[in-house]
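Only one structure is covered here, and it is reproduced in the block below.
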Amino acid sequence: TMAAMAAALRGPGRRFRWRTQALAGGVRGAARGVAGQQDYDLLVIGGGSGGLACAKEAAQLGRKVAVVDYVEPSPQGTKWGLGGTCVNVGCIPKKLMHQAALLGGMIQDAHHYGWEVAQPIRHDWRKMAEAVQNHVKSLNWGHRVQLQDRKVKYFNIKASFINKHTVCGIAKSGKETLLSADHIVIATGGRPRYPTHIEGALEYGITSDDIFWLKESPGKTLVVGASYVALECAGFLTGIGLDTTVMMRSIPLRGFDQQMSSLVMEHMESHGTQFLRGCIPTCIKKLPDGQLQVTWEDRTSGKKDTGIFDTVLWAIGRIPETRNLNLKEVGVNINPENQKIIVDAQDITSVPHIYAIGDVAEGRPELTPTAIMAGKLLAQRLFGQSSDLMDYNNVPTTVFTPLEYGCVGLSEEEAVAHHGQEHIEVYHAYYKPLEFTVAERDASQCYIKMVCLREPPQLVLGLHFLGPNAGEVTQGFALGIKCGASYAQVMRTVGIHPTCSEEVVKLRISKRSGLDPTVTGCG
């Protein structure tokens with residue numbers, strides 16, 4: 001139990017059952033474990049998606065495993081439990097709040113379908129936030145239980161290396177614990193970036209680390225950034241009825257297909273999200289009434305402007321959690337540009353028995369499912385006689401903006417860059433989901449495109465789907481694309497009628513033909 005563990009830890013320098021040393025001080029002198037037996041077969045630093053998956057898989061393979069996890073409170077003081085970004089301040093609360101916003105839209109549709117709904121409809125942030133937070137807390141508990149069930153030792157301590165096989169962890173109380181292992185996996189992920197050069201940014205701004213844990217409604221919100229995090233947050237804030245503005249320096253959804261990104265933005269704009277394009281904030285001041293006065297500059301004209309908001313949300317990228325690990329001391333190389341850990345295809349760092357997986361590793365997609373799979377595969381290579389490597393090609397993903405954008409494979413820009421315009425065929429369609437018809441919803445941004453090689457059988461290089469339930473649609477087609485599907489095979493696939501997914505297997509019109517890609521009727 002935790003109480004017994006704490007009692008045992010009070011005796012400085014004492015060894016206990018799991019052969020950990022707890023020291024009140026002078027840890028460096030006690031740094032053992034370079035030669036000789038280690039405490040654990042595997043030590044995982046970071047209890048997020050990748051780290052937990054790796055630890056649980058290794059334990060299943062009969063190894064002695066420990067996980068250390070520690071959440072540094074955000075500058076605004078927000079903290080959370082075991083499970084990492086996705087569970088606590090990422091995918092899970094984000095999707096639930098996205099769902100809350102979608103329900104608002106469905107209530108608007110309902111009267112077209114014969115439901116008498118009392119107007120006006122109001123949204124209660126407190127109620128939603130409490131429900132979302134309770135679900136997240138249940139997931140934290142679930143992770144604790146899973147680790148216990150698999151006999152994985154969990155330490156809520158902040159770890160840093162003291163030698164190549166040993167880390168020192170500091171608990172909230174200041175108590176220090178030494179842990180050594182044959183293999184060490186770094187899976188510390190990242191945290192949102194603050195523009196500390198902007199006056200008032202740190203004091204008055206919040207990030208995605210805070211938004212899901214707010215007790216009260218954020219009110220009129222300025223979202224700074226054009227990442228998927230920025231657009232998803234702005235989308236659900238608008239959807240639950242809040243006045244929301246997105247300030248973007250340059251292009252939306254960098255790294256994604258730009259035609260699709262423009263349509264995502266167009267849809268958001270036509271549904272009430274305001275956009276300040278080509279602008280950068282220069283200063284935030286708190287007014288006597290508690291509101292925030294934001295000054296920004298238009299990058300083209302150089303003109304300055306100001307606005308008043310209740311909340312400013314920074315969504316301008318993430319920084320890997322590598323700074324406090326003492327990596328230099330043990331020779332783990334990082335990319336000085338972005339602070340990410342340099343790894344090879346086997347997730348090995350510059351130190352042979354130290355590995356890095358997930359967002360903290362250089363050149364990996366910042367996605368939960370890739371971190372989970374990479375973690376499992378790494379454990380299998382280390383302890384299960386496997387040689388399988390993680391394949392980062394054709395990884396599907398979805399941006400949960402009000403109109404969802406799912407994609408797998410190459411963007412049109414990437415396909416053209418790799419193969420040349422003349423070797424690419426793009427099939428596309430604007431379609432109208434059946435659900436939108438009776439509700440008289442605007443479907444002008446519902447769009448699909450499939451990027452293929454031009455030479456028969458026309459291998460599918462990328463699929464891009466903008467519309468309701470994009471994640472569900474894209475997941476299904478991702479298997480086909482992973483298996484090397486050709487356009488010819490997609491065309492021989494029978495659609496399920498009436499669905500949005502079937503529009504993918506009915507893509508007949510190429511961009512090259514110049515024909516109108518708007519779908520009409522059931523044909």
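Of the residues examined, Met268 is one that is closer than 17 Å to Glu232 by Cα, outside any strand (DSSP E or B) and either among the aliphatic types (A, V, I, L, M) or touching a strand residue (DSSP E or B) at 6+ places or on another chain (Cβ under 7 Å) (or both). Scoring Gly77 on the criteria (1) of a type outside the set (D, E, K, R); (2) under 13 Å from the mean Cα position of the chain (by Cα); (3) open to solvent by 30 Å² or more (accessible area, probe 1.4 Å) leaves a single failure, condition (2).
For region 324-347, which positions are surrounded by 16 or more Cβ atoms within 10 Å (Cβ to Cβ) and either touching a Phe, Trp or Tyr at 6+ places or on another chain (Cβ under 6 Å) or assigned to a loop (DSSP other than H, G, I, E, B) (or both)?
Here is the first cut: in region 324-347, the ones surrounded by 16 or more Cβ atoms within 10 Å (Cβ to Cβ) are 325-327, 330, 332, 334, 339-341, 343, 347.
Within region 324-347, Leu325, Asn326, Val330, Val332, Gln339, Lys340, Val343, Asp347 meet the criteria.
Per the listing Ile372, Ile354, the residue uniquely open to solvent by less than 40 Å² (accessible area, probe 1.4 Å) and under 20 Å from Val44 (Cα atoms) is Ile354.
For region 241-265, the tally of residues that are surrounded by 19 or more Cβ atoms within 10 Å (Cβ to Cβ) and either in a helix (DSSP H, G or I) or small (Gly, Ala, Ser) (or both) stands at 5. The residues of region 17-67 that are open to solvent by 60 Å² or more (accessible area, probe 1.4 Å) and modelled with pLDDT under 50, listed by number, are Arg17, Arg19, Ala24, Gly26, Arg28, Gly29, Val34. Restricting region 480-523 to residues that are among the basic types (Lys, Arg) and part of a helix (DSSP H, G or I), the residue that is surrounded by the most Cβ atoms within 10 Å (Cβ to Cβ) is Lys506.
Tell me which residues, restricted to region 170-191, are under 30 Å from Cys283 (Cα atoms) and open to solvent by less than 20 Å² (accessible area, probe 1.4 Å). Hits for region 170-191 are Gly189, Gly190. Considering only residues in region 273-322 that are at pLDDT 95 or above, polar (S, T, N, Q) and in a loop (DSSP other than H, G, I, E, B), the one that is farthest from Arg364 (Cα to Cα) turns out to be Gln291.
In region 376-398, the residues that are more than 21 Å from Glu366 (Cα to Cα) and in contact (Cβ under 8 Å) with a residue 40 or more places away in the chain form Cβ pairs under 6 Å with partners that are open to solvent by 50 Å² or more (accessible area, probe 1.4 Å) and among the aliphatic types (A, V, I, L, M), at six or more places apart or across chains, as follows: Phe383/Leu61; Gly384/Leu61. Pairing each residue of region 275-301 that is of a type in the set (Asp, Glu) with any residue that is at pLDDT 95 or above and not in a strand (DSSP E or B), provided the two are 6+ apart or on different chains, yields C-beta distances under 8 Å for Glu297/Lys303; Asp298/Gly278.
Of everything in region 85-113 that is of a type outside the set (A, V, I, L, M) and open to solvent by 60 Å² or more (accessible area, probe 1.4 Å), the residue that is nearest to Gly50 (Cα to Cα) is Lys95. Among the candidates Ser301, Ser387, the residue that is open to solvent by 50 Å² or more (accessible area, probe 1.4 Å), among the hydroxyl-bearing types (Ser, Thr, Tyr), on the phi < 0 side of the Ramachandran plot and out of contact with any helix residue (DSSP H, G or I) (no Cβ under 7 Å at 6 or more places or on another chain) is uniquely Ser301. Meeting the requirement of 2 or more residues that are over 29 Å from Ala66 (Cα atoms), the strands (runs of 3 or more DSSP E) wholly within region 151-240 are 221-224. Contact map, region 193-211: residues that are open to solvent by 10 Å² or more (accessible area, probe 1.4 Å) paired with residues that are outside any helix (DSSP H, G or I) and of a type in the set (A, V, I, L, M), Cβ distance under 6 Å, separation 6+ or inter-chain. Pairs shown: Arg193/Ile316; Arg193/Ile319; Tyr204/Ile284; Tyr204/Leu292; Ile206/Leu313. With the condition kept exactly as written, say whether any residue in region 410-432 is within 17 Å of the chain's Cα centre (by Cα) and in a loop (DSSP other than H, G, I, E, B). The answer is no, given that none of the residues of region 410-432 is within 17 Å of the chain's Cα centre (by Cα) and in a loop (DSSP other than H, G, I, E, B).
If you go through region 358-407 and pick out every residue that is in a loop (DSSP other than H, G, I, E, B) and either touching a Gly at 6+ places or on another chain (Cβ under 7 Å) or under 27 Å from Lys95 (Cα atoms) (or both), you end up with 18.
The values are calculated or read from the model by the stated rules, or taken from the named source; none is laboratory data. Everything numeric in this text was worked out from a predicted model, so none of it was measured. As a convention, Cβ positions derive from the backbone with ideal geometry for all residues, glycine included, and neighbour counts pool all protein chains shown. Calculation scope for accessible area: heavy atoms of the full protein, side chains included, ligands and nucleic acids excluded. Shrake-Rupley method; radii C 1.70, N 1.55, O 1.52, S 1.80 Å.
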